[in-house]
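Here is the structure we will look at, set down as structure tokens.
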Amino acid sequence: MLTLTRLDGVVDLNRLEIGAPVSEPLLVWDVEQRSAGTQPFVVLTLGNCKGRLQSAPFWPEDLPKLEGIERGAVVSVHGEIATYRERRQLKVAQIRPLPRDGVAWPALMPSVGDTRTYWDQLDQWRHGTSAPRLRSVLDLFYEDSEFRQAYGECPASLSGHHARLGGLLQHTCEVARIGLCLAETTGADRDLVLAGALLHDIGKLESYTWSGTFAMTDRGSLCGHVVLGSLMLAARLGAAPPTLCSGPEHNLLHHLILSHHGLLEHGAPVTPMTLEAEVLHFADNASARTGSMGEALEDPQNFSGTDPVSARPVWQLDRRRVYRGKSDWGRK
């Protein structure tokens, strides 16, 4: 069980000045083998709850320092912030593995922080559902304490939008809020849109692991979270009284999950065929895309110095560059 809190005093690696010393426990997010011509080297991605930073290269003569260090390891790092070709990096002088027992995981893993506000909003929407049987379907999941525990910890993605502990819950609340606004505007069934928002990504609980680092499970790789979510819904409905949900109603709920990515080439087994499915797709996409844009603008790694335009394209945004220039428009 993880307590999702932000810890005061955690160093923000991405905001330290060049030359600043670093002496911190960090999580190894990636170990990447590279080469410069015929010369091999290793680059680590190291981070804590406030950000990640790639290391300077470990050349062959440095590789003994990395003995016993792999992805997901917790390490004690001593070094300093450096730069190479206008890109920040962590020049590591000393690094050693730390025992995982007693690790303060919330200090090492990105998180949304306290999730109580999200749960309060989600439960308020759920309890306000006017369709009693549809509300009971949601209760099959959201009245289950084990499900709530996992759902409140799960990231919404492994390295894209809302990729942090509690990110799935945050994303779900955003999708629900956007979807409810669209439902009011378009005349879609509000309760069904809400149900779709609360069910569309449940398969991520079986697709992802978040113990140490974020990773894909075998089932996630082989089936994908969209299909797994539909299977999870089928299992819960199959164990419920048959009067809870008719056959056509089963189909509508499964369709919301299976079509929420919108296009076949984006991982949807089917495309949206109902107004509610169309609303859900665009609400999901709006949360994901704006989440990625906000994160790209806040990440100093994407920019060179104070330049307002990103130094490089951002892969989460279809390799677009982003602009962080602002004006107060006369506000004082």
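The values are calculated or read from the model by the stated rules, or taken from the named source; none is laboratory data. As the structure is a computational prediction, the values presented were derived from the model and not from experiment. For neighbour counting, all protein chains shown are included, and Cβ atoms are generated from backbone atoms with ideal geometry for every residue, glycine included. Side chains are part of the model used for accessible areas, which takes the heavy atoms of the whole protein and leaves out ligands, DNA and RNA. Shrake-Rupley method; radii C 1.70, N 1.55, O 1.52, S 1.80 Å.
Being of a type in the set (A, V, I, L, M), open to solvent by 30 Å² or more (accessible area, probe 1.4 Å) and farther than 21 Å from Arg15 by Cα narrows it down to one residue among Leu140, Leu122; which is it?
Details: Leu122 fails: open to solvent by 30 Å² or more (accessible area, probe 1.4 Å).
Criteria check complete, one pass: Leu140.
Scanning the stretch 50-66 for residues that are in contact with a Phe, Trp or Tyr (Cβ under 9 Å, 6 or more places away or on another chain) and under 21 Å from Arg100 (Cβ atoms), which turns out surrounded by the fewest Cβ atoms within 10 Å (Cβ to Cβ)?
In this case the residue turns out to be Lys65.
Just to be sure, is Ile69 open to solvent by 30 Å² or more (accessible area, probe 1.4 Å) and assigned to a loop (DSSP other than H, G, I, E, B)?
no
Counting only residues that are in contact with a Ser or Thr (Cβ under 7 Å, 6 or more places away or on another chain), part of a strand (DSSP E or B) and either surrounded by 18 or more Cβ atoms within 10 Å (Cβ to Cβ) or among the charged types (D, E, K, R) (or both), how many does the stretch 31-49 have?
Residues flagged as in contact with a Ser or Thr (Cβ under 7 Å, 6 or more places away or on another chain), part of a strand (DSSP E or B) and either surrounded by 18 or more Cβ atoms within 10 Å (Cβ to Cβ) or among the charged types (D, E, K, R) (or both) within the stretch 31-49 amount to 2.
Please pick out the residue among Ser145, Ser130 that is touching a residue at least 12 places away in the same chain (Cβ under 8 Å) and of a type in the set (Ser, Thr, Tyr).
Ser130
Scan the stretch 173-203 for residues that are open to solvent by less than 10 Å² (accessible area, probe 1.4 Å) and within 30 Å of Leu46 (Cβ to Cβ) and report the count.
Final tally of qualifying residues: 1.
Somewhere in the stretch 138-155, is a residue modelled with pLDDT of 95 or more, part of a helix (DSSP H, G or I), touching a Pro at 6+ places or on another chain (Cβ under 8 Å) and at negative phi?
no
Any idea which of (1) at pLDDT 90 or above; (2) under 30 Å from Glu61 (Cα atoms) is the one Arg133 doesn't satisfy?
Unmet condition: (2).
Is it fair to say Asp284 is open to solvent by less than 60 Å² (accessible area, probe 1.4 Å) and modelled with pLDDT of 95 or more?
Numbers: open to solvent by less than 60 Å² (accessible area, probe 1.4 Å): yes; modelled with pLDDT of 95 or more: yes.
Here the answer is yes, as Asp284 does meet what is asked.
Scan the stretch 250-294 for residues that are closer than 20 Å to Asp139 by Cα and free of Cβ contacts under 8 Å to residues at least 24 places away in the same chain and report the count.
Selection size over the stretch 250-294: 3.
Give me the residue from the stretch 13-29 that is open to solvent by 60 Å² or more (accessible area, probe 1.4 Å) and under 24 Å from the mean Cα position of the chain (by Cα) and, out of that set, nearest to Arg100 (Cα to Cα).
Initial filter on the stretch 13-29 (open to solvent by 60 Å² or more (accessible area, probe 1.4 Å)): 15, 17-18, 21, 23, 25.
If we keep only those that are under 24 Å from the mean Cα position of the chain (by Cα) too, we end up with 15, 25.
Working: Arg15: 27, Pro25: 11 Å.
The residue in question is Pro25.
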